[in-house]
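The values are calculated or read from the model by the stated rules, or taken from the named source; none is laboratory data. Please read these numbers as outputs of a predicted model, since none were measured by experiment. Please note: Cβ atoms are built from the backbone with ideal geometry, for glycine as well, and neighbour counts cover all protein chains shown. SASA here: full protein model, heavy atoms, side chains in, ligands and nucleic acids out. Shrake-Rupley method; radii C 1.70, N 1.55, O 1.52, S 1.80 Å.
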Amino acid sequence: MHMALTHLNTVVMFDQTGFGPSSYRLRKRLRGKKRCKATGADLTDTSCYAHSIEYDVSSNRIRALRLDTDPWCSSGSFLSNGTLLQTGGYRKGSRGIRYFKPCNSDWCDWRQSKRSLSVQRWYSSSQLLPEEGNRVILVGGRRAFSYEFVPKHSSTDRSHDLPFLHRTHNRDNDENNLYPFLHLSSDGNLFIFANRDSILFNYRRNRVVKTFPRIPGRGSRNYPSSGSSVILPLEHGNGFQKVEVMLCGGSAPGAYEAAGQGKFLKGLQTCGRMVITGNRHRWKMEKMPKPRLMHDMVILPTGQILIVNGARRGAAGWNRATGPSLRPYLYDPTKESGTRFSIMRSTKVARMYHSSAILLPNGRVLVGGSNPNKVYTLANVTYPTELRLQEFIPHYMDRQYHNLRPQNLSVQYNSSSDSGVGYGGEFTVRFRLGRRWQSKAVEFTAYAPPFTTHSVAMNQRMLWLHGASMVREQGGWVRATVEAPPSPEVAPPGYYMLTVVNGGIPSFSHWVRFINA
């Protein structure tokens with residue numbers, strides 16, 4: 001249900017703690033934790049069974065983790081030091097604040113904060129803020145028409161009412177404004193999309209800066225209609241000042257209620273793009289090859305968007321969708337309208353409600369999850385609980401491109417600090433390339449890994465960085481000087497996956513950290 005890639009190349013995954021016993025028993029003793037009490041298959045004792053794991057991609061090794069409160073339908077963001085800040089959830093977990101700091105040890109585990117959120121937040125969204133890199137804003141949630149900051153600066157720091165969430169709440173059809181889409185604009189303001197509407201919000205002054213046009217067409221885009229959204233790659237060529245968002249899919253009006261009666265309405269087929277900077281704002285609409293909802297949108301190192309998982313009919317929720325979308329779509333935002341979508345090869349595994357997908361450092365996409373059932377159910381249902389992981393292998397990983405792929409990537413910071421590169425600074429990237437290369441064809445991308453759940457990739461962000469210079473050395477080596485982003489508003493502090501792209505063929509990624517020097 002929830003996945004996130006850490007800067008140590010492990011993937012943290014977790015699920016609802018109330019689903020019953022999993023296949024992984026927790027250790028009898030965990031440092032600082034109570035002993036498992038259950039003598040049998042006790043569904044109520046979460047101290048016995050793991051509902052979270054850390055997956056090492058390179059070794060294909062799984063390590064069980066322990067959750068003290070239920071993170072079902074929660075939110076998350078990576079802080080500047082690589083710690084995953086995880087917030088909200090269900091029942092006792094709805095005001096929970098949890099931390100996972102990855103390390104090269106088997107003792108890393110979830111830590112439950114003694115502090116709590118101001119209000120219960122179930123199906124809320126999280127965005128890392130640029131000022132410090134260690135503070136996030138939480139927006140929305142079921143019956144939570146407000147936002148708040150974590151961590152809080154004082155005991156009087158509280159939640160703040162957001163009228164926009166009241167206006168976008170559909171009382172007669174199960175809200176449709178949960179898990180709002182959040183994107184940080186390069187001017188430091190926050191883009192918020194809920195249901196069919198969107199605003200640009202100055203969270204520092206609690207003020208709406210802009211109200212954007214309503215996206216055309218009927219139907220809704222947010223949970224439980226469950227479309228998906230990305231901020232398109234930011235480019236150094238325009239000073240990272242052009243910020244464009246994209247939304248795809250969702251559910252028809254009344255789809256959630258109809259599915260509860262066994263009627264599955266066709267999902268939305270449209271995508272909308274809109275530039276949120278400047279003074280002219282208009283949704284530019286286009287169509288996907290087929291209707292889609294509950295899908296994931298993953299930004300690839302090439303700047304293309306992979307649309308994977310989901311269904312064609314219904315809405316999100318327990319068994320409220322049918323018609324699995326087995327064919328991924330590849331979207332190229334640089335092509336002419338009408339030619340941007342390509343249809344990929346089909347999978348045989350249905351990825352329905354509670355699926356996720358994330359980009360890996362090797363350029364592949366890890367796909368997991370799917371459980372539209374109220375408990376773990378492995379048989380005798382249309383869409384059983386799915387325990388298999390898959391990798392989607394993009395076209396650029398084909399062997400025919402290996403001679404074009406940059407190899408042996410390394411990063412050196414050009415400053416006294418070895419912990420990262422400051423904004424506006426430079427760093428050195430060294431890699432190997434074959435004879436067939438041209439400096440104009442070599443580009444550099446930086447990718448912020450998201451926290452993914454329910455078709456929402458929180459904090460996903462990619463930038464095309466400026467390669468200031470490149471020098472060819474002996475043995476096929478290339479030494480490049482690359483400029484860091486100019487400000488934390490463009491790229492909030494933290495770890496990014498740096499990739500060298502040669503003529504559309506990406507290297508394996510190397511981690512780089514942007515810091516407030």
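Observations on the model:
- Site pair Ile343 and Glu426 shows an inter-label distance of 4.9 nm when each label is modelled 7 Å from Cα along Cα→Cβ.
- FRET efficiency, 1/(1 + (r/R0)^6) with R0 35 Å, evaluated for Lys287 and Asn206 via beta carbons: 0.40
- Karplus-derived 3J(HN,Hα), 6.51/-1.76/1.60, for each residue of region 481-494, Hz, glycine and proline x: 9, 10, 8, 6, x, x, 7, x, 5, 6, 8, x, x, x
- With all protein chains modelled, accessible area of Tyr495 [1.4 Å, Å²]: 60 Å²
- When semi-axes √(5λ) of the Cα gyration tensor in Å is calculated for this entry, the matching label among [x] 53, 36, 20; [y] 33, 27, 25; [z] 42, 27, 19 is [y].
- The string of couplings for region 3-10 from the Karplus curve (6.51, -1.76, 1.60, θ = phi - 60°) is 9, 7, 8, 8, 6, 9, 6, 10 Hz, one whole number per residue in order, with x for Gly and Pro.
- Averaging the sequence gap over all C-alpha pairs within less than 8 Å and six or more residues apart, then dividing by the number of residues, gives the chain a relative contact order of 12 percent.
- For region 401-515, the ratio of Cα radius of gyration to the globular rule of thumb 2.2 N^0.38 Å stands at 1.08.
- Listed residues Val500, Thr453, Ser417: farthest to the positive end of the dipole of region 401-515 (Cβ charges): Val500
- The residues neighbouring Glu473, those whose beta-carbon lies less than 10 Å from its own, together hold a net charge of +4 under the Lys/Arg +1, Asp/Glu -1 convention.
- Members of Lys263/Lys374; Lys114/Lys152; Lys287/Lys335; Lys242/Lys266; Lys114/Lys374; Lys284/Lys348 lying beyond 23 Å, as alpha-carbon distances in this model show: Lys242/Lys266; Lys114/Lys374; Lys284/Lys348
- Net lengthening on full extension, Lys335/Ile393 (0.36 nm per residue, minus Cα-Cα): 18.7 nm
- Stretchable slack from Arg158 to Lys92, in nm (0.36 nm times residue separation minus alpha-carbon distance): 21.8 nm
- Phi to ³J(HN,Hα) by Karplus 6.51 cos²θ - 1.76 cosθ + 1.60 over region 225-230, Hz, x for Gly, Pro: 6, 6, x, 8, 8, 9
- The calculated FRET efficiency for Ser439 paired with Asn238, based on their beta-carbon distance and R0 = 25 Å, is about 0.75.
- Portion, in percent, of the accessible area of region 401-515 that falls on carbon or sulfur, probe 1.4 Å: 45 percent
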